[in-house]
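Working notes for the structure below.
The values are calculated or read from the model by the stated rules, or taken from the named source; none is laboratory data. All of these numbers come straight from a predicted model, not from anything done at the bench. A quick note on method: Cβ atoms are made from the backbone with ideal geometry, for glycine too, and the neighbour counts reach across all protein chains shown. Heads up: the accessible areas ignore ligands, DNA and RNA and are worked out on the full protein's heavy atoms, side chains in. Shrake-Rupley method; radii C 1.70, N 1.55, O 1.52, S 1.80 Å.
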Amino acid sequence: AQRVTQPEKLLSVFKGAPVELKCNYSYSGSPELFWYVQYSRQRLQLLLRHISRESIKGFTADLNKGETSFHLKKPFAQEEDSAMYYCALRFNQAGTALIFGKGTTLSVSS
Amino acid sequence: GAGVSQSPSNKVTEKGKDVELRCDPISGHTALYWYRQSLGQGLEFLIYFQGNSAPDKSGLPSDRFSAERTGGSVSTLTIQRTQQEDSAVYLCASSRGWQGGGEQYFGPGTRLTVT
């Protein structure tokens, strides 16, 4: 069965420190991977997707098929990055639903 | 244009009562999804509608849960004989389907509390 695992419930870092939010998936085919973010009192929104290979708000994520991982990274965390981050997998391109991990709360303090 | 809207924003109901949650997707989006967000469980897929195709109901936790999508637009999620474990935030999302790259746009959610 398809599964997304985010091993950390909470990640606390200081401003300016590097951040890595871990995501591992289980799926035998070619998945599409996403990171969604939910800031306090805001809607869940797309942060980035692996097929775009883009950097959003300084965050990047690389799909590693060998390790079945899609870790989210940022070299220098900012306080405004504090939020809940969800890794998600879509297992085909027919617009089907996303399978989400349980989320990681990132807390950045000064 | 307006984003995905959901109503009510909060709903408190007694155990055993039925509830209806409404979702208005973004105009023109053919795909509509319902998810449930609860503490410790993260986001769970419930049901997915794509155009005129039969919905994917594989995520519905029990036969007390059902959903409709009328006219390819508004959707209603119905929970019958509510239980305390149904307490959660119910999120609706819509997308252009695969043609739009699959990005899903989420509503603000309905917080359901079963007492």
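List of remarks:
- Restricting segment A:26-55 to residues that are touching a strand residue (DSSP E or B) at 6+ places or on another chain (Cβ under 7 Å) and more than 24 Å from B:Leu91 (Cα to Cα), the residue that is most open to solvent (accessible area, probe 1.4 Å) is A:Ile51.
- 1 or more residues of a type outside the set (A, V, I, L, M, F, W, C), at pLDDT below 95 and crowded, with 21+ Cβ neighbours inside 10 Å: qualifying strands (runs of 3 or more DSSP E) within segment B:66-115: B:88-95
- When residues in segment B:1-54 are screened for being in a strand (DSSP E or B), open to solvent by less than 70 Å² (accessible area, probe 1.4 Å) and at negative phi, 24 of them pass.
- When residues of segment A:72-89 are limited to those that are of a type outside the set (Gly, Ala, Ser) and closer than 15 Å to A:Gly103 by Cβ, the one farthest from the other protein chains (Cβ to nearest Cβ): A:Asp81
- Residue selected from segment A:38-76 under the condition part of a loop (DSSP other than H, G, I, E, B) and in contact with a Lys or Arg (Cβ under 6 Å, 6 or more places away or on another chain), by the criterion modelled with the highest pLDDT: A:His71
- Residue within segment B:61-72 that is within 12 Å of chain A (Cβ to nearest Cβ) and under 10 Å from the mean Cα position of the chain (by Cα) present: no
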